[in-house]
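A.B. asks: The structure follows.
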Amino acid sequence: MEWDSIVAEYLAVCQIRRAMDLLFTDAQDEFRHQVRRWLEANVPSEARGTGPLRSLDTAEGFEAHRLWERTMYDARWSVVSWPAEFGGRGVGLMEWLIFEEEYYRAAAPTRVSQNGIFLLAPTLFEFGTPEQQARFLPSMASGEVIWCQGWSEPDAGSDLAGIRSRAERAGGSAGADASASGGWVLNGQKTWCSRGAFAHWLFGLFRTDPAAQKHRGLTYFLVPMDAPGVTVRPIAQLDGETGFAEVFFEDVSVPENQVLGTVDQGWSVAMATAGSERGLSLRSPARYTEAAGRLLSLYRQRAERDPVAARRVADAVARAVIDAEAYKLHTYWTATRVLDGGSVGPEASMNKVFWSETDLAIYEAALALLGEEAELFGADGHPSSWLDGFLFALAGPIYAGTNEIQRNVVAERVLGLPRV
Amino acid sequence: MHFAFDENQLEFRSQLRALTDKSCTPADIREAWASERGWSPSRWAALAEMGVLGLTVPENYDGLGLGLVDLVLLLEEAGRSGLPEPLLETTALAVPVLRDAGGAGAEQRRARWLGAIAAGDAVVAVGTASMPAVPGAGRADLLLLERGGELHAVEAAATRQTARRSLDGSRRPAEVAWEPAPATLLASGGDAVGVLASLADRAAMGTGAVLLGVADRLITMTAAYAVERVQFGRPIGSFQAVKHHLANALIRLEFARPAVYRSAWSLDHGDPEASRHASMAKALAADAATGAARMALQVHGAIGYTEEHDVQLWMKRAWSLAAAWGDAPTHRARVLERILGAGGH
């Protein structure tokens, strides 16, 4: 019988199969304890008189956050998944997720270096020359150099390939032969550069071939913010702090060795970074599961004081908590696939929509619990962490490619719907 | 941590898919829905032969002795194919109750029923006290019924049934009148509480798994329709409003899936949080499926509102199963209660 043989075969192979296992290995548990011990002893805290740090979007807070990055780097905790030669520990994806869980559990400071270590670094590892890697990665890992992104322009937001800022060969020659080693001259304007007000370097796309089609003819550049001709204009955000900035380029000279990847191939180089941002690396699930845990504590407090008012928000709280956990499970699911040799393609766009909406749902539920209290600033003159988190979460569906663009990507590249 | 199915589990799913692709077409489903019994004995026999019906039956009763992680993809496949037969009720609900319930006569009951179930010769229905009607009662040989905190195993001949029509043609519910007797008692007191609680958890996970497949089919059908249907001179799937409906449905499904799989693992491994995990699975899967149904109807437009179009077969499954064994808001409330009741997070 056909089925009998299939079943027999099935049972035979059952002996050697790699079963689903949702527990961590002993080595992973040990790694977790190591991380936890170090963070418990070192995270800036009120009790130790070292924290909490001011917002990293203030001059004082920015420096304090850089110092924290240095402390982590000295103990080799700032970039655990990187190779040892660049300051990491060479651990795998699961261990990185464990590190993140512990980092958020310890309520450690926001990573001021996140644009560099999470977004630029994967691109540098993939496209950078050995010289570029040695030059840029260690200073990024130590917080010495903080990077900002130069993607959006006033007329190129969702339509990112509409970038108009340009880079021309130094000396004005279009011919590659005459001035190939003479570097480039940048002109134009970037905007919504997160950390732009204080960052030291910028990575971004500039048009190198105006005649080419939109997605072609772009090149990925690395630019110091103190180069002559760079002007930064900080922009106050919804929360009143200068979290991002406009950056103007007027005849800014950039040497050849600050091109990342191939000239005119910047779009594909940049998309590797965009994938990291939407996918696993920028928004690890611990960020949301920890916030969901705090939401549950808030719910409990409120329910004790006024059960009727709290119950009104119960379903929204449950939804937010469940979605945060669903994101975590999905991340383990995806991480397993990657470790088994799979890859993350356009599905990363589903991640981006889900984490950004989950984040917002958590803070909306918290604000609903707080009611009229939500908008009141504390005695220190600052918004509560709930209000602050809400304002930040509102940006999620917009940055890293708006959720409308992500939904288009999902529909076209995952479900196969027509582009036009 | 290795959150993936093994090759055998994936292969078993492929085998079931090959069978349903051939013998569970929309025409087959319609035939079953229109039939007296509501299902196809020959398809049931094919499932038995494949080993699916005995998957959770212990090996000494001629089953495969496997767990819910081995089963969950097959339940999902049942949803995807629109399988009208009571695969979920048999493998995830009835068999584990008969297998695990102790007490007097348990051994004889197992000997009498488990092998017969694995062979496809006996069908069991499950009815709890809160159900207005027992799904699949009319085609069952044995009914596992709850009353007054007790669980009884009652042979169909000893019941009086009033069939109820229902929207989902696979459900086949009936009101069942029966008298408990010492000979029918399966579990009482604390035993019954335990058996019923784990039954409810498996049911939440299992309906969740079927709903994943239902949502998947609704999305696939609708995407295909959106490519083919032309208005204003272009496929409607090229309009952003339509794209976003479909993308949202797919995202809900994508993030429900791992939660259902995790729930199956937790139940297999006696995880102390297994109940919460099951509720979370059902809440996410039910929303994914009812959301997909709503989206599918809207994108299909008027043709989706007809009995003639196949999309209704899966929409109706989505609605009935989303409500079965606790709807999404009920399970969300349970998740919250369990977390807050535990005193921490």
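A.B. asks: Within the range B:316-332, is even one residue farther than 21 Å from B:Leu71 by Cα, of a type in the set (A, V, I, L, M) and assigned by TED's automatic domain parsing to the domain that holds B:Ala224?
C.D. replies: Yes: one or more hits.
A.B. asks: Which count do you get for residues in the range A:329-350 that are more than 9 Å from chain B (Cβ to nearest Cβ) and under 18 Å from the mean Cα position of the chain (by Cα)?
C.D. replies: Number of matching residues: 4.
A.B. asks: Condition check: within 14 Å of chain A (Cβ to nearest Cβ), crowded, with 24+ Cβ neighbours inside 10 Å and farther than 21 Å from B:Leu185 by Cβ. Does B:Leu75 satisfy that?
C.D. replies: Considered against the rule, which asks whether it is within 14 Å of chain A (Cβ to nearest Cβ), crowded, with 24+ Cβ neighbours inside 10 Å and farther than 21 Å from B:Leu185 by Cβ, B:Leu75 comes out as no.
A.B. asks: Kindly indicate the residue of the range B:9-44 that is touching a residue at least 40 places away in the same chain (Cβ under 8 Å) and within 29 Å of A:Lys328 (Cα to Cα) and also nearest to the other protein chains (Cβ to nearest Cβ) among those meeting that condition.
C.D. replies: Result: B:Phe12.
A.B. asks: Looking at the structure I just gave you, is A:Phe31 buried (at least 20 other Cβ atoms within 10 Å of the Cβ), in contact with an Asp or Glu (Cβ under 8 Å, 6 or more places away or on another chain) and either modelled with pLDDT of 95 or more or aromatic (Phe, Trp, Tyr) (or both)? Break it down stepwise before answering.
C.D. replies: Numbers: buried (at least 20 other Cβ atoms within 10 Å of the Cβ): yes; in contact with an Asp or Glu (Cβ under 8 Å, 6 or more places away or on another chain): yes; either modelled with pLDDT of 95 or more or aromatic (Phe, Trp, Tyr) (or both): yes.
Judged against the criteria, A:Phe31 is a match.
A.B. asks: crowded, with 19+ Cβ neighbours inside 10 Å, at pLDDT 95 or above, farther than 30 Å from B:Gly194 by Cα and within 15 Å of the chain's Cα centre (by Cα): does that describe B:Ala215?
C.D. replies: It is true that B:Ala215 is crowded, with 19+ Cβ neighbours inside 10 Å, at pLDDT 95 or above, farther than 30 Å from B:Gly194 by Cα and within 15 Å of the chain's Cα centre (by Cα).
A.B. asks: Something else now. Any residue that is among the β-branched types (Val, Ile, Thr), more than 22 Å from A:Glu256 (Cβ to Cβ) and touching a residue at least 12 places away in the same chain (Cβ under 8 Å) - is there at least one of those in the range A:116-131?
C.D. replies: Within the range A:116-131, one or more residues are among the β-branched types (Val, Ile, Thr), more than 22 Å from A:Glu256 (Cβ to Cβ) and touching a residue at least 12 places away in the same chain (Cβ under 8 Å).
A.B. asks: Which residue is nearest to B:Glu31 (Cα to Cα), if the candidates are limited to the range B:48-72 and must be among the aliphatic types (A, V, I, L, M) and more than 12 Å from every other protein chain (Cβ to nearest Cβ)?
C.D. replies: B:Leu71
A.B. asks: Only one of B:Ala281, B:Ala264, B:Ala259 is more than 9 Å from chain A (Cβ to nearest Cβ) and either out of contact with any strand residue (DSSP E or B) (no Cβ under 6 Å at 6 or more places or on another chain) or more than 21 Å from B:Gly79 (Cα to Cα) (or both). Can you tell me which? Lay out the reasoning, then the answer.
C.D. replies: Values: B:Ala264 fails: more than 9 Å from chain A (Cβ to nearest Cβ); B:Ala259 fails: more than 9 Å from chain A (Cβ to nearest Cβ).
Going through B:Ala281, B:Ala264, B:Ala259 in turn, just one is more than 9 Å from chain A (Cβ to nearest Cβ) and either out of contact with any strand residue (DSSP E or B) (no Cβ under 6 Å at 6 or more places or on another chain) or more than 21 Å from B:Gly79 (Cα to Cα) (or both): B:Ala281.
A.B. asks: Which of (1) under 30 Å from B:Arg262 (Cα atoms); (2) crowded, with 21+ Cβ neighbours inside 10 Å; (3) within 9 Å of chain B (Cβ to nearest Cβ) does A:Leu417 not meet, given it meets every other one?
C.D. replies: Of (1) under 30 Å from B:Arg262 (Cα atoms); (2) crowded, with 21+ Cβ neighbours inside 10 Å; (3) within 9 Å of chain B (Cβ to nearest Cβ), only one is false for A:Leu417: (1).
A.B. asks: Could you grab me the full set of residues in the range A:370-411 that are within 14 Å of chain B (Cβ to nearest Cβ) and in contact (Cβ under 8 Å) with a residue 12 or more places away in the chain?
C.D. replies: A:Pro397, A:Gly401, A:Thr402, A:Asn403, A:Glu404, A:Ile405, A:Gln406, A:Arg407, A:Val409, A:Val410
A.B. asks: Now a separate question. Could you count how many residues in the range A:34-63 are buried (at least 17 other Cβ atoms within 10 Å of the Cβ), in a loop (DSSP other than H, G, I, E, B) and either outside the structural domain of A:Val112 (by TED's automatic domain parsing) or small (Gly, Ala, Ser) (or both)?
C.D. replies: Result for the range A:34-63: 1.
A.B. asks: Could you check, for the range A:351-369, whether at least one of its residues is aromatic (Phe, Trp, Tyr), more than 16 Å from B:Glu254 (Cβ to Cβ), away from chain B (no Cβ under 14 Å) and buried (at least 18 other Cβ atoms within 10 Å of the Cβ)?
C.D. replies: Scanning the range A:351-369, I find at least one residue that is aromatic (Phe, Trp, Tyr), more than 16 Å from B:Glu254 (Cβ to Cβ), away from chain B (no Cβ under 14 Å) and buried (at least 18 other Cβ atoms within 10 Å of the Cβ), so the answer is yes.
A.B. asks: Exactly one condition in (1) more than 8 Å from every other protein chain (Cβ to nearest Cβ); (2) at pLDDT 95 or above is not met by B:Ser238; state its number.
C.D. replies: Only one criterion is unmet by B:Ser238, namely (1).
A.B. asks: Tally time: how many residues in the range B:151-171 are surrounded by 16 or more Cβ atoms within 10 Å (Cβ to Cβ), not in a loop (DSSP other than H, G, I, E, B) and not small (Gly, Ala, Ser)?
C.D. replies: Number of matching residues: 4.
A.B. asks: Of all residues in the range B:158-196, which are farther than 27 Å from B:Leu83 by Cβ and of a type in the set (Gly, Ala, Ser)?
C.D. replies: B:Ala158, B:Ala177, B:Ala181, B:Ala183, B:Ala187, B:Ser188, B:Gly189, B:Gly190, B:Ala192, B:Gly194
A.B. asks: Further question: Cβ-Cβ distance below 7 Å, separation of 6 or more or different chains: which pairs start in the range A:186-202 with a residue that is more than 9 Å from A:Val247 (Cα to Cα) and hydroxyl-bearing (Ser, Thr, Tyr) and end on one that is buried (at least 24 other Cβ atoms within 10 Å of the Cβ) and at pLDDT 95 or above?
C.D. replies: Filtered contacts from the range A:186-202: A:Ser194/A:Cys148.
A.B. asks: If I filter the range A:80-97 for residues that are in a helix (DSSP H, G or I) and of a type in the set (Val, Ile, Thr), do I get at least one hit?
C.D. replies: No, the conditions are met nowhere in the range A:80-97.
A.B. asks: Among the strands (runs of 3 or more DSSP E) lying completely within the range A:191-309, list those that include at least 3 residues that are charged (D, E, K, R) and touching a strand residue (DSSP E or B) at 6+ places or on another chain (Cβ under 7 Å).
C.D. replies: The strands (runs of 3 or more DSSP E) meeting that bar are A:244-254.
The values are calculated or read from the model by the stated rules, or taken from the named source; none is laboratory data. Note that the structure is predicted; figures quoted are calculated from it, not measured. When we count neighbours, we look across all protein chains shown, and the Cβ atoms used for this are built from the backbone with ideal geometry, even at glycine.
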